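For reference, the structure discussed in these notes is given below.
Just so you know, all these numbers are worked out from the coordinates, no wet-lab data involved. As the structure is a computational prediction, the values presented were derived from the model and not from experiment. Here Cβ is always computed from backbone atoms with ideal geometry, including for glycine, and neighbour counts include all displayed protein chains.
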Amino acid sequence: MRNLLLFLQRYTHILLFLVLELVSLALLFSYGRKQGTAFFNATGTVVGGINSLWADAAAYSHLREVNTRLEDENTRLKMQNDALRQMVDEQRHTPTATEQRLADVLKKYPLIPAKVTSNEQRADRLNHLIINRGRNDGVRDGMGVVGGGGVVGVVAEASANYALVVPVTHQRSAISCRLRGTGWFGYLVWEGGSKLTAYLDDIPRYADVTRGMAVETSGYSDIFPPGIFVGNVLAVGSGPDGQSLRLTVHLATDFSNLRDVSVVGNIARSQTDTLRNHAAFNEGVLEKK
Amino acid sequence: MFAAASQPPLNPPVLLPDTLTKVYWFVGLLLLQVVLLDHIALLGYAIPMPYVYFFCLLPTNTPRWVYVATGFALGLLIDVFTATPGVGAAACCATGLAAPYLLQLFAPSGYAFDEPFVPSSRTMEWMPFLRFAVSLVLLNCFLYFLLEAFTLMYFGRLLLTTLLSTLLSTAFIAAIEKLRAATARPRGLNA
């Protein structure tokens, strides 16, 4: 402390000089136009450099936030892009021969377009789909459902706005099908495994079946109109009873990737129902008589 | 030879009139500068600045901070009148700091600073005194013009201005000193 005081005492004039010089220069830089300009030009460069460094550092520390925002935006844009691409694809889509034929077949039937909202794959092989159309839209139990490639399944239960569909890939699904161009028909069943293959049973052994033949709905049930494409014969094998063939069918509908479907409102069905009712009525009348 | 050796020691009764005298000189030099000399611009830029003569009035036993402080005050007041804020103050303050060292440098050889003296033509002889005065003026002028220009771009011009101003200032200081020496009373300004 004493040394400090001695030091201060000894160099008072130096300290005073420094202080007064600082004051002078401060005056010079604040009031002298030329000097002030020169001073601020010089310091401006330095200050500008420091400022930009500081800004860089601040920007760098905000990178995480910026990144998060960019990722959010990226995700949003990707989703938007997907949606738009899908719309474009739908607009641009040129129907394949199968789709063309399917459309021709279905032209006579009222179609209720629907979207698959749930596509459940269950371990017990009792898969089912849910579509976003229900009774209010005209969907009824037992109606057929077709997709872009072919048969999808049968409506099992319709609520007001949704419907449960039992697809081909359901263990208890059995759709009456025939080999295109021949009279042979059988039932399409699925026994688990790949969702792309099902079996066509009850084809007589003597039927001349070759690989690649087309399988389509027979129209013997009221569910599907005849001629809706189902798939191609992949392999010809022997049925479980030994009396018939079992054809492995490569399904045209990809059940793992199903979005747009149509419910087939079968006009014929109402007509057949009417006929049945008439028959029942007539029988009743006859009985009454 | 050294009149300072015979001068009475600085005691309070003497100090007060001495201080007053220095205040007169301070004001006088200031007025001379701002009223008259600042309006002389020989050859466009040489300005006589003899006010550093004030440092010649301070006896050698003056605390050094007084040199610095009075230098600053003198320079600042001149700045106020010449609208060059800080230029004169900085230059004169630095000159004030350097004055005692310059005095040591140009003091008559062998002179010990044991006994205080006031630098003048009488105490130091003309040539040493003039060397001391020239060094003060040179330093002050150089700093003044350097700060005023605030660039080394026109260094030649700066040197020319400094030299011309130094020349003029020294002439003025010599004239003042001559006058003072001629009119000095035996005890007048301790010189």
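Observations on the structure shown:
- Inter-site label distance for A:Val46 and B:Leu159 at 7 Å from Cα along Cβ, in nm: 2.9 nm
- Calculated [222 nm] ellipticity per residue, helices only, for chain A: -14500 deg cm²/dmol; basis is -39500 (n - 2.57) per DSSP H run with n ≥ 4, divided by all residues, nearest 500.
- Taking θ as phi - 60° and the Karplus parameters 6.51, -1.76 and 1.60, the scalar couplings of the range A:243-255 work out to 8, 9, 8, 10, 9, 7, 10, 8, 5, 7, 8, 8, 6 Hz in sequence order, x denoting glycine and proline.
- Prolate/oblate/rounded label for the range A:2-60 (Cα gyration tensor, a/c 1.5): oblate
- Overall, the range A:98-266 carries a charge dipole of about 200 debye about its Cα centre when +1 sits on the Cβ of Lys and Arg and -1 on the Cβ of Asp and Glu, all other atoms neutral.
- Cubic angstrom per residue, convex hull over Cα atoms of the range A:98-266: 100 Å³
- Share of pairwise Cα separations in the protein assembly as shown, more than 30 Å, in percent: 67 percent
- Pairs of lysine residues in the protein assembly as shown - Cα separation under 26 Å, sequence separation of 8 or more or cross-chain: 4
- Here the peptides B:156-163, A:203-210 are ranked by packing, the mean other Cβ count within 10 Å, and the order with the highest first is B:156-163, A:203-210.
- Membrane-span-like helices in chain A, defined here as complete DSSP H runs extending at least 30 Å along the helix axis by their C-alpha atoms with mean Kyte-Doolittle hydropathy no lower than 0.0, are A:33-61; this is a sequence and geometry rule, not a statement about a membrane.
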